[in-house]
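Worksheet: one structure, shown below.
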Amino acid sequence: MEEYTTKQGTENLDDPPNSRLFAVTSRSITEDELRESFSSFGDIQGVWVVKDKQTKESKGISYVKFAKSSQACLAMEEMHGKVLVEGTKPIKVFIAQSRSSTRHRDVEDEELTRIFVMIPKTFSEEDLKNTFKEYGDIEYCVIIKNKSTGESKGLGYVRYYKPSQAALAIENCDKITVVVDVYVMMLLSSLAYRAILAEPRTKAAATEEYSRGSAGGEYMGAADSMNQYAFPMADPGNYPVMDYRSGDITRCLMISTRAALTQEQIFALFDIIPGMEYCELQRDAYGMSKGHALIRYSNLGSAVYAKEKLNGFEYPPGNRLAVNFVDDGEDRSSPVGRMAMQFVAAQMMTAVWNGPSTSQVMKPPGFSSVSQMPRIQTDVNLPPLKKLALPDSKAKERLFVVFSPSPLPPDVLEDVFCRFGSLIEVHLVPGRKVGYMKYADKQTRPWQCAPRSGRQRSKDEGDAGRSSQRGISQASSYLLRRTARKMTVHAFVT
DNA sequence: CGACGGGACGC
DNA sequence: CGACGGGACGC
């Protein structure tokens with residue numbers, strides 16, 4: 001009861017901006033009814049029906065305060081024109097004018113759907129669209145360019161169709177999101193931006209913008225769609241008959257053979273594919289081979305590759321090996337884990353399918369030598385490893401990082417974050433889920449790695465500053481023994 | 001048409 | 001668990 005009218009100090013009413021609704025309703029509508037109707041759109045911080053001082057009757061005006069602008073906008077979009085109570089007039093819903101503002105003009109969608117954002121100068125309008133389309137449908141993107149030279153000024157406008165989409169963009173684009181799935185050792189990352197609502201243009205110019213804008217919109221619409229977060233799922237036609245998307249992929253393989261093979265022979269054969277971490281010939285009570293061997297790789301890609309290449313392989317000649325996935329007891333029930341697995345499988349299969357048909361095929365694509373298997377496979381073109389700065393260098397820039405649900409091991413973080421600058425050290429705050437990456441140089445946008453496009457992936461060589469190479473195998477096995485979970489990292493340049 | 005309150009414990 | 005800013009459209 002009391003929480004309905006919990007006091008919102010007047011400062012709160014406009015914080016964050018555009019998070020409060022102004023509603024025109026029938027005078028019979030109560031706070032309870034409003035709260036009931038609007039609660040599904042977000043966290044309501046207060047509902048207030050304006051009443052006549054003397055009679056206490058509603059004046060048919062109400063305010064609903066949400067925690068976020070995107071919630072308020074969504075509620076507005078969905079509830080405007082709705083009949084709350086049978087027989088009453090449809091309600092009108094607008095974003096409320098800020099309390100300090102004296103104007104009582106409705107806030108128009110025009111003011112709520114266009115954002116203004118600073119972007120890398122290298123960004124094309126298509127890059128801009130690809131970056132911001134994850135928050136909603138984009139009507140058009142415009143980059144401000146130097147009129148004479150045509151070069152970008154590093155500023156852009158993005159027009160969404162709905163206020164809630166622009167609000168979501170503003171609320172979320174300032175996070176560098178890094179998703180690491182330890183189970184398949186995959187990392188996705190995106191850039192961080194600071195976007196604000198664009199100040200409306202002058203009226204005279206606004207009409208002109210429409211013609212320009214919609215033309216741009218159509219142009220963009222035809223452009224290819226490469227979402228940084230999208231898993232490049234296979235189009236089925238391009239993949240071999242075996243359905244690797246069913247989810248039955250594991251890092252473990254069972255090898256069946258009719259010929260008597262020694263453990264050493266099987267080891268030698270399957271060790272050609274990098275990442276083998278376990279090989280055991282199964283024997284009976286008398287130590288005789290039962291014709292089966294168990295192999296485990298450190299990653300799914302290697303296992304998929306091994307099965308693809310060695311299932312049916314004659315070894316020794318005349319003896320066909322059977323190679324199949326077996327349950328490795330890992331938890332892969334999470335949706336993210338499954339997607340990640342499908343992703344890796346698709347990636348590996350693509351490589352197998354299109355890869356070089358030469359004699360050196362035993363090497364999984366993308367790795368120049370057996371010892372070079374990176375422990376983190378990425379969906380972006382990570383920069384190569386860089387040498388660490390001297391430990392006593394002074395920090396020119398820090399990255400503040402929030403982990404969810406828990407921090408990754410420091411050595412893994414070092415492997416990832418050293419690629420974006422001269423990393424001095426990884427500092428995890430003990431007992432907390434935050435940490436700092438200290439850099440000796442200034443790298444205004446350390447995350448400008450382009451997403452890998454579905455089909456041709458360039459190699460993640462990492463021409464290994466030898467110093468960063470140490471300790472990798474230990475790190476891998478450490479990681480793999482853990483229960484795999486998606487890790488989300490939000491990072492902020494400090 | 002339709003624009004801004006009442007009551008305030010928590011260190 | 002999230003500190004600061006910078007920054008504007010052929011009118």
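The values are calculated or read from the model by the stated rules, or taken from the named source; none is laboratory data. What you see is a predicted model; the values in this text were computed from it and never measured. Using ideal geometry, Cβ is built from the backbone for each residue, glycine included, and neighbour counts are taken over all protein chains shown. The protein model used for the area step is the full one, side chains on, heavy atoms only, and it has no ligands, DNA or RNA in it. Shrake-Rupley method; radii C 1.70, N 1.55, O 1.52, S 1.80 Å.
How many residues does the stretch A:108-136 contain that are more than 28 Å from A:F94 (Cα to Cα), open to solvent by 40 Å² or more (accessible area, probe 1.4 Å) and part of a loop (DSSP other than H, G, I, E, B)?
Total meeting the criteria: 3.
Out of all the residues in the stretch A:83-107, which are away from DNA strand C (no atom under 16 Å from the Cβ), farther than 20 Å from A:S28 by Cβ, open to solvent by less than 70 Å² (accessible area, probe 1.4 Å) and β-branched (V, I, T)?
Scanning the stretch A:83-107 gives a single hit, A:I95.
Filter the stretch A:137-163 for residues that are more than 8 Å from DNA strand C (Cβ to nearest atom), of a type in the set (S, T, Y) and open to solvent by less than 80 Å² (accessible area, probe 1.4 Å) and give the result.
Result: A:Y140, A:S152, A:Y160.
Within the set of pairs 6 or more residues apart or between chains, which connect a residue that is among the basic types (K, R) inside the stretch A:108-137 to a residue that is part of a helix (DSSP H, G or I) with Cβ atoms less than 6 Å apart?
As it stands, the answer is A:K129/A:M220, since those pairs meet every condition given.
Looking at A:G60, A:G46, which is the one that is within 33 Å of the chain's Cα centre (by Cα) and open to solvent by less than 20 Å² (accessible area, probe 1.4 Å)?
Every option except A:G46 fails the conditions.
Any residue in the stretch A:73-82 that is open to solvent by 10 Å² or more (accessible area, probe 1.4 Å), part of a loop (DSSP other than H, G, I, E, B), out of contact with any Lys or Arg (no Cβ under 8 Å at 6 or more places or on another chain) and modelled with pLDDT of 95 or more?
Taking every residue of the stretch A:73-82 in turn, at least one turns out to be open to solvent by 10 Å² or more (accessible area, probe 1.4 Å), part of a loop (DSSP other than H, G, I, E, B), out of contact with any Lys or Arg (no Cβ under 8 Å at 6 or more places or on another chain) and modelled with pLDDT of 95 or more.
Could you tell me which numbered condition A:Q54 fails, if it satisfies all but one of (1) modelled with pLDDT of 95 or more; (2) open to solvent by 60 Å² or more (accessible area, probe 1.4 Å); (3) over 32 Å from the mean Cα position of the chain (by Cα)?
Condition (1) is where A:Q54 drops out.
Are any residues in the stretch A:381-395 open to solvent by 30 Å² or more (accessible area, probe 1.4 Å) and at pLDDT 80 or above, and if so, which ones?
Filtering the stretch A:381-395 down to residues open to solvent by 30 Å² or more (accessible area, probe 1.4 Å) leaves A:381, A:383-384, A:386-388, A:390-395.
Those that are open to solvent by 30 Å² or more (accessible area, probe 1.4 Å) and at pLDDT 80 or above: A:K386, A:K387, A:L388, A:L390, A:P391, A:D392, A:S393, A:K394, A:A395.
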